[in-house]
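Structure record follows, encoded as structure tokens.
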Amino acid sequence: MRPLLVCAALLFARESWAQKRPFDVETLLRIQRIGEPALSPDGKLVAFTVATPDLDKNSQNRQIYVVPVSGGAPRLLTREGATNERPRWSPDSKQIYFVSTRGGSSQVWGMEADGAKPRQITKLSTEAGGVLVSPDGKKIVFASSVYPECAAPSFVLDDICNQKNLDADEKAPSKARIYTSLLFRHWTEWQNRRRQHLLVANVDGSGVKDLTPGPREVPPFSLGGPEGYAISPDSTELAFVINTDPAPANSTNSDIYTVPLDGGDAKKLTANPAADDGPLYSPDGKYLAFRSQQRAGYESDRWRLTVLERATGKITTLTETVDRWVGSFTWTPDSTRLFYTAEDRGRTGLQMIPVTGGGARTIISGDATLEEVMFTEDGRTMIYTEESGSRPVEIYRATSGGGTGQPLTHLNDTLLSGVTLTPPEELWVDSYDKSRVHSFITKPPGFTAGAKYPVVFLIHGGPQGAWGESWTYRWNAQVFASAGYVVVQPNPRGSTGYGQKFIDEINGDWGGRPYDDIMTVVDAVAALPYVDNTRMAVAGASYGGYMVNWMNGRTNRFKAIVSHGGVFDLASWARETEEQWFPLWEFKGSPTENQELYAKHSPSTHAKDFKTPTLVIHGELDFRDVTGQGLQLFTTLQQQKVPSKLLVFPDEGHWVLKPQNSLVWYRTVLDWLGEWTRKR
């Protein structure tokens with residue numbers, strides 16, 4: 001191309017970018033959020049949910065759509081109620097069962113496949129969610145938080161008993177809580193007299209029985225991977241996950257049990273002292289697949305794919321030689337193979353392994369995150385979701401052999417065509433001990449090589465987590481980039497997707513190797529020709545909040561810090577957080593047992609050296625990293641006259657989920673960063 005044409009092309013590209021809107025938080029909150037895809041048994045339709053933030057109501061409106069597998073425009077099926085979710089098909093593909101709040105409470109509903117004739121199925125005082133349909137189409141299984149004493153010896157649920165207890169609790173003159181053991185609160189809720197159980201009913205809602213009676217609680221519908229319960233292909237049995245440890249706050253020992261679908265005594269299938277989850281029957285009923293860990297008390301041990309042969313009880317671990325976590329998984333229709341997702345260096349692709357064992361084979365890989373894989377009955381077509389750091393979730397179709405997928409949904413194409421989204425780039429550096437540390441870098445729209453840009457480093461939580469080629473509505477790199485920043489997302493020691501040894505090296509060393517890794521990345525980024533290393537900021541939440549607090553006492557290289565839901569004082573945090581197994585593993589005991597290690601890695605130990613202007617953010621419903629951590633941090637900063645600001649959300653927990661709060665969060669964070677990074 002001749003120089004004149006090159007100049008013309010560059011000018012056109014810049015003018016095209018200038019005509020587009022910035023990808024700001026307002027645009028982020030207009031994205032239609034696709035989830036919960038469910039393929040019809042006849043392989044013709046995919047039902048899915050779309051959540052759209054409603055700023056006026058400060059909530060999300062969630063409705064159910066269907067899209068043809070052969071291609072075509074999605075069709076809206078539900079219109080009533082603010083929440084319609086969890087679509088599940090009847091075996092003949094003529095009915096969709098779902099959960100809706102349209103009647104004033106969360107209940108199971110049914111409708112025709114075209115959305116006609118909606119009808120309420122459950123009418124429980126304790127509400128219902130998480131519906132499954134039995135393969136014979138005769139029963140539904142769902143979850144409800146019931147009073148354990150309201151199940152008769154025959155497992156029949158006494159809803160009159162539940163209603164009386166609800167009324168009594170509502171009318172109680174005192175709302176005082178009394179506890180004699182842990183876990184007395186979890187995530188955002190205090191423990192009460194109710195427990196989440198799995199119930200079964202006929203498809204017309206009659207004959208409700210409690211399948212998991214007693215004082216124990218089944219976990220939420222998902223543990224970050226596959227589903228927590230499944231119905232056998234012959235519709236006679238339910239497999240489910242539950243932790244029956246007498247000290248659940250100290251234990252990760254969830255096990256898999258089975259119970260007759262008509263009710264009865266539960267049978268324990270696993271004896272592993274660590275976690276088992278995600279039971280899934282093979283289509284022929286011969287096997288039960290699940291994920292398992294090996295080290296008791298360690299929530300970030302490697303997740304392995306395991307298969308139990310039901311006739312013999314033989315258990316085989318299929319991925320023992322695969323040094324990556326198994327995520328979600330599914331069976332092929334002929335029951336001979338399992339397809340599973342695995343995170344690897346910031347991407348999540350699809351692997352296949354025979355049920356008899358052997359080497360795993362890559363089916364789909366690339367710069368994306370792939371999840372929720374399903375097969376048509378003939379096994380030839382796959383349906384799955386895909387996203388990346390510059391593309392929100394859409395539903396895709398591909399052949400079962402892999403290859404390039406074709407999007408079935410395009411719900412956000414029009415909105416996103418008016419903005420510029422920048423694909424992340426990669427940076428690898430050698431840390432002090434020669435370990436390779438990976439980061440993603442997102443440049444501002446209209447990036448010019450000769451210019452100098454301010455930088456914000458985003459530190460992920462977990463700490464056993466990772467930044468990757470995935471879309472997020474919290475800490476969205478595109479929003480920060482559109483505000484004019486080079487966004488750097490390092491994956492230091494402890495990050496997932498780089499092998500279990502890399503993960504384990506953060507144990508007992510929160511402020512050691514991970515800090516050194518991050519600062520090595522900071523050094524490399526500061527030397528980039530387009531970076532203004534006099535205008536660098538750092539931000540993080542959860543463990544990321546801990547790390548930026550730790551950095552405040554160790555370095556003065558940053559102009560500003562944003563600390564969200566972070567740990568300030570390790571000893572007090574360990575005594576306040578709910579899942580006690582976490583600090584007990586990470587710091588090799590309690591603060592009483594290992595006082596020196598807690599003090600060594602606590603940001604509060606170095607608080608006298610805090611000098612960097614800091615925005616402190618916390619949710620009052622955060623029982624993971626309790627509000628007191630943020631208040632201690634802010635008080636310390638103020639007493640030391642370090643420029644600081646406190647943002648508290650009374651109605652949020654560990655994350656900011658409500659649309660209006662998200663708007664306030666992004667605006668406050670960007671204003672704080674701008675205030676300090678624009679100063680010379």
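Distance check, please: which entries in LYS57/LYS138; LYS94/LYS123; LYS139/LYS286 exceed 30 angstrom between their Cα atoms? The partial results should precede the final answer.
Working: LYS57/LYS138 38 Å; LYS94/LYS123 23 Å; LYS139/LYS286 22 Å.
Flagged as over cut-off: LYS57/LYS138.
With a Förster radius of 30 Å, plug the Cβ-Cβ distance of GLN191 and LYS94 into 1/(1 + (r/R0)^6) and report the FRET value to the nearest 0.05.
Details: r = 41 Å, r/R0 = 1.38.
With a Förster radius of 30 Å, E is 0.15.
What number, in percent, do you get for the relative contact order of region 419-677 if the mean sequence gap of Cα pairs under 8 Å and at least 6 apart is divided by its residue count? Please report the intermediate quantities before stating the final value.
Working: 525 pairs, mean separation 42.6, N = 259.
This gives 16 percent for region 419-677.
Taking the dipole about the Cα centre of the chain, with the C-beta of Lys and Arg at +1 and of Asp and Glu at -1, give me whichever of SER400, PRO583, LEU631 is farthest to the positive side.
With unit charges placed on the Cβ atoms, the residue in question is LEU631.
Rounded to the nearest 10 degrees, what's the angle between the helix 659-677 long axis and the longest principal axis of the chain, both from Cα atoms, 0 to 90?
20 degrees
In whole Hz, with x marking every Gly and Pro, tabulate ³J(HN,Hα) for region 159-174 from phi via Karplus 6.51 cos²θ - 1.76 cosθ + 1.60, θ = phi - 60°.
Values, residue by residue: 6, 5, 4, 4, 5, 4, 5, 4, 4, 5, 5, 5, 8, 4, x, 10 Hz.
With the cut-off at 1.5 for a/c, could you classify region 184-296 from its C-alpha gyration tensor as rounded, prolate or oblate? Before the final figure, lay out each step's value.
On the way: a/c = 1.91, a/b = 1.16, b/c = 1.64.
Since a/c reaches 1.5 but b/c is at least a/b, the shape of region 184-296 is classed as oblate.
Summing -39500 (n - 2.57) over the DSSP H runs of n ≥ 4 in the chain and dividing by its residue number, what mean residue ellipticity at 222 nm do you reach, to the nearest 500 deg cm²/dmol?
On the way: 13 runs with 123 residues, N = 680.
Taking each H run of at least 4 residues, the total per residue is -5000 deg cm²/dmol.
Before anything else, pin down the relative contact order of the chain: Cα pairs under 8 Å, at least 6 apart, normalised by residue count, whole percent.
Numbers: 1610 pairs, mean separation 62.8, N = 680.
Relative contact order comes out at 9 percent.
Run through the DSSP bridge list for region 419-677 and note the antiparallel percent, rounded to the nearest 5. Walk me through the intermediate numbers first.
On the way: 11 of 35 bridges.
So the antiparallel bridges in region 419-677 amount to around 30 percent.
Just to be sure I understand the model, the point goes 7 Å from the Cα along the line to the Cβ. What's the resulting GLU170 to GLU675 distance in nm?
4.5 nm
In Å and from the alpha-carbon atoms only, list the Rg and Dmax of region 523-680.
Cα radius of gyration and Dmax of region 523-680 are 15.9, 49 Å respectively.
Determine the shape class of region 278-401: with a ≥ b ≥ c the square roots of the Cα gyration tensor eigenvalues, call it rounded for a/c under 1.5, and otherwise prolate if a/b is greater than b/c, oblate otherwise. Provide the component values of the computation, followed by the final result.
Numbers: a/c = 2.07, a/b = 1.21, b/c = 1.71.
Here region 278-401 falls in the oblate category.
What is the set of long-range amide H partners of ASP245 at a cut-off below 5 Å, with H atoms built 1.01 Å from backbone N?
Result for ASP245 returns nothing.
Once you charge only the Cβ atoms, +1 for Lys and Arg and -1 for Asp and Glu, what is the size of the charge dipole of the chain about its Cα centre, to the nearest 20 debye? Mind showing how you got there, number by number?
Numbers: 72 positive and 78 negative charges, 336 e Å.
Charge dipole of the chain: 1620 debye, to the nearest 20.
Which GluC sites (Glu not before Pro) in region 375-479 sit in a loop by DSSP (not H, G, I, E or B) and have at most 16 other Cβ atoms within 10 Å of their own Cβ? Working shown, then result.
Values: sites: GLU377, GLU386, GLU387, GLU394, GLU425, GLU426, GLU469; in loops: GLU377, GLU469.
For GluC sites (Glu not before Pro) across region 375-479 that sit outside H, G, I, E and B with at most 16 neighbouring Cβ atoms in 10 Å, the list reads GLU377.
Among GLY450, PRO118, ALA73, which residue has its Cα furthest toward the positive end of the charge dipole of the chain, with +1 on Lys/Arg Cβ and -1 on Asp/Glu Cβ?
Going by the charge dipole, the pick is GLY450.
Among all the lysines, which ones have a C-alpha under 17 Å from LYS443's C-alpha, if same-chain residues fewer than 8 places away are not counted?
Of all the lysines, those that pass the test against LYS443 - Cα under 17 Å, at least 8 places apart if same chain - are LYS20, LYS452.
If you rank VAL429, VAL567, VAL208 by fewest surrounding Cβ atoms within 10 Å, what's the result?
Working: VAL429 17, VAL567 31, VAL208 23.
Result, fewest neighbours first: VAL429, VAL208, VAL567.
Between the DSSP loop rule and a limit of at most 12 other Cβ atoms within 10 Å, which trypsin sites (Lys or Arg not before Pro) in region 58-126 are left?
Taking region 58-126 and a limit of 12 other Cβ atoms within 10 Å, the loop trypsin sites (Lys or Arg not before Pro) found are ARG79.
Find how many whole Å separate the alpha carbon centroid of region 120-188 from the alpha carbon centroid of region 228-283.
If you average the Cα positions of each part, the centres end up 19 Å apart.
Using the eigenvalues of the Cα gyration tensor, what equivalent ellipsoid semi-axes result for region 419-677 when each is taken as the square root of five times the eigenvalue, whole Å, largest first?
Values: eigenvalues 146, 92, 61 Å².
Whole-Å semi-axes of the equivalent ellipsoid: 27, 21, 17.
Given the convex hull over the Cα atoms of the chain, what projected area results after averaging over all orientations, in nm²?
Numbers: hull surface 126.1 nm².
Projected area, direction-averaged: 31.5 nm².
Taking Cα centroids, how far is region 189-211 from region 600-659 in Å?
Here the two parts' Cα centres lie 39 Å apart.
What ³J(HN,Hα) values, in whole Hz, does the Karplus curve 6.51 cos²θ - 1.76 cosθ + 1.60 give for region 485-493 when θ = phi - 60°, with x put for Gly and Pro?
Calculated HN-Hα couplings, in order: 9, 7, 9, 10, 10, x, 10, x, 3 Hz.
Starting at the first residue of region 606-618, write each ³J(HN,Hα) from the Karplus equation 6.51 cos²θ - 1.76 cosθ + 1.60 with θ = phi - 60°, in whole Hz, x for Gly and Pro.
10, 5, 4, 9, 5, 9, 7, x, 10, 9, 10, 10, 8
Considering only C-alpha atoms, what is the centroid distance from region 348-410 to region 466-492, in Å?
Region 348-410 and region 466-492 have Cα centres spaced 24 Å from each other.
List the aspartates and glutamates whose Cα sits under 17 Å from the Cα of LYS268, skipping any in the same chain fewer than 8 residues away.
Counting by Cα, and skipping residues close in sequence, LYS268 has these aspartates and glutamates nearby: GLU217, GLU237, ASP245, ASP255, ASP276, ASP277, GLU309.
Relative to the first principal axis of the alpha-carbon coordinates of the chain, what is the inclination of helix 627-639, with its axis defined by its Cα atoms, in degrees from 0 to 90 and to the nearest 10?
10 degrees
Around THR381, which amide H atoms from residues at least 5 apart in sequence, or from another chain, sit under 5 Å from its own amide H, with H modelled in the peptide plane?
Here THR376, SER400 satisfy the definition.
Jot down the per residue volume, in cubic angstrom and as a whole number, of the convex hull over the alpha-carbon atoms of region 449-501.
About 101 Å³ per residue, rounded to a whole number.
Kindly provide the chymotrypsin sites (Phe, Trp or Tyr not before Pro) of region 121-192 that DSSP labels as loop, not H, G, I, E or B, and whose Cβ sees at most 10 other Cβ atoms within 10 Å. Don't jump to the answer; show the numbers that get you there.
Working: sites: PHE142, PHE155, TYR179, PHE184, TRP187, TRP190; in loops: PHE155, TYR179, PHE184, TRP187.
Within region 121-192, the qualifying chymotrypsin sites (Phe, Trp or Tyr not before Pro) (loop, at most 10 other Cβ atoms within 10 Å) are TYR179.
Values in this text are rule-based calculations from the coordinates and carry no lab data. Keep in mind that this is a model prediction, so the values were computed, not measured. Positions of Cβ are generated from backbone atoms using ideal geometry, with glycine treated the same way; all protein chains shown enter the neighbour counts.
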